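The values are calculated or read from the model by the stated rules, or taken from the named source; none is laboratory data. The structure presented is a predicted model; accordingly, all values stated were derived computationally and were not measured. Quick reminder, even Gly has a Cβ in these numbers, built from the backbone with ideal geometry, and neighbours come from all protein chains shown.
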(Lines give C-alpha, C1' and ligand atoms only; values in the text may rest on other atoms or scores of the structure.)
Protein backbone atom coordinates (compact mmCIF):
# COMPACT_ATOMS: atom_id res chain seq x y z
CA UNK A 1 0.00 0.00 0.00
CA UNK A 2 1.20 3.51 -0.77
CA UNK A 3 0.71 6.68 1.29
CA UNK A 4 1.03 9.76 -0.92
CA UNK A 5 3.13 7.79 -3.38
CA UNK A 6 5.42 6.36 -0.71
CA UNK A 7 5.68 2.62 0.00
CA UNK A 8 4.71 1.52 3.53
CA UNK A 9 8.19 0.15 4.24
CA UNK A 10 9.75 3.58 3.56
CA UNK A 11 7.39 5.24 6.04
CA UNK A 12 8.12 2.48 8.58
CA UNK A 13 11.88 2.97 8.23
CA UNK A 14 11.52 6.72 8.49
CA UNK A 15 9.29 6.38 11.54
CA UNK A 16 11.80 4.02 13.18
CA UNK A 17 14.68 6.45 12.59
CA UNK A 18 12.57 9.33 13.91
CA UNK A 19 11.64 7.39 17.06
CA UNK A 20 15.29 6.42 17.58
CA UNK A 21 16.33 10.06 17.26
CA UNK A 22 13.69 11.09 19.83
CA UNK A 23 14.84 8.35 22.22
CA UNK A 24 18.52 9.32 21.88
CA UNK A 25 17.66 12.99 22.44
CA UNK A 26 15.65 12.19 25.57
CA UNK A 27 18.47 10.00 26.87
CA UNK A 28 21.00 12.79 26.33
CA UNK A 29 18.72 15.31 28.07
CA UNK A 30 18.32 12.91 31.02
CA UNK A 31 22.10 12.38 31.24
CA UNK A 32 22.65 16.15 31.23
CA UNK A 33 20.07 16.54 33.98
CA UNK A 34 21.80 13.88 36.07
CA UNK A 35 25.16 15.54 35.39
CA UNK A 36 24.29 18.73 37.26
CA UNK A 37 27.17 19.55 39.57
CA UNK A 38 29.26 16.62 38.34
CA UNK A 39 30.78 17.96 35.13
CA UNK A 40 33.41 20.12 36.87
CA UNK A 41 35.48 17.11 37.82
CA UNK A 42 35.71 16.20 34.12
CA UNK A 43 37.06 19.61 33.10
CA UNK A 44 33.78 21.23 32.12
CA UNK A 45 33.95 24.01 34.72
CA UNK A 46 33.07 26.70 32.18
CA UNK A 47 29.65 25.16 31.54
CA UNK A 48 28.48 26.03 35.07
CA UNK A 49 26.03 23.12 34.87
CA UNK A 50 25.24 23.32 38.55
CA UNK A 51 22.21 22.13 40.49
CA UNK A 52 19.96 24.90 41.75
CA UNK A 53 16.75 25.14 43.81
CA UNK A 54 13.48 24.31 42.09
CA UNK A 55 12.15 27.86 42.48
CA UNK A 56 14.90 29.10 40.13
CA UNK A 57 13.76 26.58 37.52
CA UNK A 58 10.11 27.55 37.95
CA UNK A 59 10.95 31.24 37.67
CA UNK A 60 13.03 30.58 34.55
CA UNK A 61 10.23 28.57 32.92
CA UNK A 62 7.64 31.27 33.68
CA UNK A 63 9.90 34.06 32.42
CA UNK A 64 10.61 32.10 29.24
CA UNK A 65 6.89 31.58 28.62
CA UNK A 66 6.14 35.27 29.28
CA UNK A 67 8.91 36.36 26.90
CA UNK A 68 7.56 34.02 24.23
CA UNK A 69 4.04 35.32 24.72
CA UNK A 70 5.27 38.89 24.28
CA UNK A 71 7.29 37.97 21.18
CA UNK A 72 4.38 36.04 19.70
CA UNK A 73 2.06 39.00 20.27
CA UNK A 74 4.55 41.44 18.72
CA UNK A 75 5.11 39.28 15.63
CA UNK A 76 1.63 37.77 15.29
CA UNK A 77 1.13 39.25 11.84
CA UNK A 78 4.19 37.56 10.33
CA UNK A 79 3.45 34.66 8.05
CA UNK A 80 5.20 31.49 9.15
CA UNK A 81 5.97 28.31 7.36
CA UNK A 82 4.72 25.15 8.99
CA UNK A 83 7.70 23.69 10.87
CA UNK A 84 8.68 20.09 10.38
CA UNK A 85 8.51 17.75 13.36
CA UNK A 86 12.31 17.60 13.46
CA UNK A 87 12.51 21.41 13.71
CA UNK A 88 10.00 21.50 16.56
CA UNK A 89 11.73 18.64 18.35
CA UNK A 90 15.16 20.24 18.05
CA UNK A 91 13.68 23.60 19.05
CA UNK A 92 12.42 22.28 22.36
CA UNK A 93 15.17 19.80 23.27
CA UNK A 94 18.72 19.83 21.94
CA UNK A 95 18.56 23.34 20.47
CA UNK A 96 18.08 25.18 23.77
CA UNK A 97 20.47 22.85 25.59
CA UNK A 98 23.32 23.20 23.12
CA UNK A 99 22.82 26.93 22.50
CA UNK A 100 22.81 27.69 26.21
CA UNK A 101 25.84 25.52 26.91
CA UNK A 102 27.72 27.45 24.23
CA UNK A 103 26.43 30.99 24.83
CA UNK A 104 25.63 31.08 28.57
CA UNK A 105 28.17 28.37 29.35
CA UNK A 106 31.52 28.67 27.60
CA UNK A 107 31.19 32.12 26.01
CA UNK A 108 29.64 33.70 29.10
CA UNK A 109 32.39 32.27 31.28
CA UNK A 110 35.18 33.44 28.94
CA UNK A 111 33.85 36.95 28.37
CA UNK A 112 33.05 37.42 32.06
CA UNK A 113 36.49 36.17 33.08
CA UNK A 114 38.11 38.65 30.68
CA UNK A 115 35.91 41.67 31.49
CA UNK A 116 36.01 41.38 35.27
CA UNK A 117 39.74 42.08 35.11
CA UNK A 118 39.00 45.58 33.76
CA UNK A 119 35.41 46.58 34.63
CA UNK A 120 33.50 46.54 37.91
CA UNK A 121 30.13 45.85 36.23
CA UNK A 122 31.50 43.01 34.17
CA UNK A 123 28.43 40.83 34.74
CA UNK A 124 26.06 43.34 33.10
CA UNK A 125 28.40 43.94 30.18
CA UNK A 126 28.90 40.21 29.73
CA UNK A 127 25.12 39.74 29.51
CA UNK A 128 24.90 42.41 26.79
CA UNK A 129 27.88 41.14 24.79
CA UNK A 130 26.71 37.51 24.82
CA UNK A 131 23.12 38.53 23.97
CA UNK A 132 24.46 40.47 20.96
CA UNK A 133 26.54 37.49 19.79
CA UNK A 134 23.51 35.23 20.35
CA UNK A 135 21.33 37.54 18.22
CA UNK A 136 23.95 37.79 15.47
CA UNK A 137 24.22 34.01 15.33
CA UNK A 138 20.53 33.86 14.38
CA UNK A 139 21.04 35.94 11.21
CA UNK A 140 21.82 32.69 9.38
CA UNK A 141 18.16 31.64 9.66
CA UNK A 142 16.43 32.17 6.34
CA UNK A 143 13.76 34.89 6.40
CA UNK A 144 14.49 36.24 9.87
CA UNK A 145 13.61 39.93 10.27
CA UNK A 146 15.37 42.69 12.17
CA UNK A 147 12.48 42.74 14.63
CA UNK A 148 12.93 39.05 15.30
CA UNK A 149 16.67 39.59 15.80
CA UNK A 150 15.78 42.27 18.37
CA UNK A 151 13.54 39.70 20.07
CA UNK A 152 16.39 37.17 20.10
CA UNK A 153 18.63 39.85 21.64
CA UNK A 154 15.98 40.47 24.32
CA UNK A 155 15.72 36.80 25.18
CA UNK A 156 19.52 36.64 25.22
CA UNK A 157 19.45 39.35 27.89
CA UNK A 158 16.92 37.32 29.89
CA UNK A 159 18.96 34.11 29.61
CA UNK A 160 22.13 35.98 30.57
CA UNK A 161 20.45 37.55 33.60
CA UNK A 162 19.26 34.11 34.73
CA UNK A 163 22.77 32.73 34.27
CA UNK A 164 24.36 35.57 36.24
CA UNK A 165 21.84 35.44 39.10
CA UNK A 166 21.92 31.66 39.53
CA UNK A 167 25.58 31.01 38.59
CA UNK A 168 24.28 28.05 36.60
CA UNK A 169 23.37 27.36 32.98
CA UNK A 170 20.40 25.22 34.00
CA UNK A 171 17.92 28.14 34.37
CA UNK A 172 18.74 29.58 30.93
CA UNK A 173 18.16 26.13 29.41
CA UNK A 174 14.78 25.92 31.18
CA UNK A 175 13.80 29.44 30.07
CA UNK A 176 14.92 28.84 26.48
CA UNK A 177 13.02 25.55 26.31
CA UNK A 178 9.93 27.17 27.82
CA UNK A 179 10.22 30.04 25.33
CA UNK A 180 10.40 27.70 22.34
CA UNK A 181 7.59 25.44 23.57
CA UNK A 182 5.35 28.48 24.11
CA UNK A 183 6.13 29.87 20.66
CA UNK A 184 5.26 26.55 19.01
CA UNK A 185 2.07 26.15 21.07
CA UNK A 186 0.97 29.78 20.70
CA UNK A 187 1.33 29.53 16.97
CA UNK A 188 -1.18 26.68 16.94
CA UNK A 189 0.76 25.50 13.94
CA UNK A 190 0.40 21.94 12.76
CA UNK A 191 3.66 20.02 12.76
CA UNK A 192 4.67 18.44 9.46
CA UNK A 193 5.91 14.92 9.89
CA UNK A 194 8.25 13.34 7.32
CA UNK A 195 6.75 12.83 3.88
CA UNK A 196 4.10 15.51 4.31
CA UNK A 197 1.95 14.01 7.06
CA UNK A 198 0.64 16.62 9.51
CA UNK A 199 -0.04 16.30 13.20
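Please give the number of the condition residue 15 fails out of (1) more than 21 Å from residue 159 (Cα to Cα); (2) at pLDDT 75 or above.
(2)
Give 177, 182, 126 a once-over and let me know the one that is modelled with pLDDT of 85 or more, surrounded by 17 or more Cβ atoms within 10 Å (Cβ to Cβ) and more than 26 Å from residue 45 (Cα to Cα).
Matching residue, one of 177, 182, 126: 182.
Just checking, how many residues over region 36-74 are modelled with pLDDT under 85 and in a helix (DSSP H, G or I)?
9
Tell me yes or no: at least one residue of region 132-141 is within 15 Å of residue 46 (Cα to Cα), touching a residue at least 12 places away in the same chain (Cβ under 8 Å) and more than 15 Å from the chain's Cα centre (by Cα).
Within region 132-141, not a single residue is within 15 Å of residue 46 (Cα to Cα), touching a residue at least 12 places away in the same chain (Cβ under 8 Å) and more than 15 Å from the chain's Cα centre (by Cα).
Within the bounds of region 91-106, is there any residue that is buried (at least 19 other Cβ atoms within 10 Å of the Cβ), touching a helix residue (DSSP H, G or I) at 6+ places or on another chain (Cβ under 8 Å), assigned to a helix (DSSP H, G or I) and free of Cβ contacts under 8 Å to residues at least 40 places away in the same chain?
no
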